[in-house]
Amino acid sequence: MRRSIAAARADFERQAVKLEAAATTMLLRALGVGQSRDAVPARDGNHHLNMAFYRAAIRAVQCVPEVKAEFQRWHRRKGKPMARALIAKELATIVYAMLSKSEPFNRTLQGRPVVTTTRCTWPRLENPLT
């Protein structure tokens, strides 16, 4: 049974909205908005997307010098966990913009150009001598 283009587009738009909501939730959770000290962390948002963007942020900091510079700027002001969450939110915003506009990555981060592609190889070898 083939789905109509309108149904596929509606599914895509729902997923894009969920992606943006997950990124926003991740940032609010990192900020601790609406939580008391003894409160259980919020359980809203897609946990799998939150973890995927958080891990992607760690990898981007390791591999892309422009992202690392932005991370270090935020790290000095807000601390390491918050800096990682902000990088993850920026990646989520980029992905959402790419998916919603159906355009390729415009090679900018926070309005600054990203000129390098990558400096890391994957997967990393445990022992580079072997």
Spin-label pair residue 52/residue 116, simplified geometry with 7 Å Cα→Cβ offset, distance in nm: 2.6 nm
Simple spin-label model, 7 Å along Cα-to-Cβ: residue 14 to residue 103 in nm? 2.8 nm
Spelling it out for residue 109: with amide H atoms placed in the peptide plane at 1.01 Å from N, the residues 5 or more places away or on another chain with amide H under 5 Å from its amide H are 114
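Since every read-out is calculated from the coordinates, none of them should be taken as a lab result. If you're wondering where the values come from, they're calculated on a predicted model, not measured in any experiment. Heads up, the Cβs are rebuilt from the backbone with ideal geometry, glycines too, and the neighbour counts pull from every protein chain shown.
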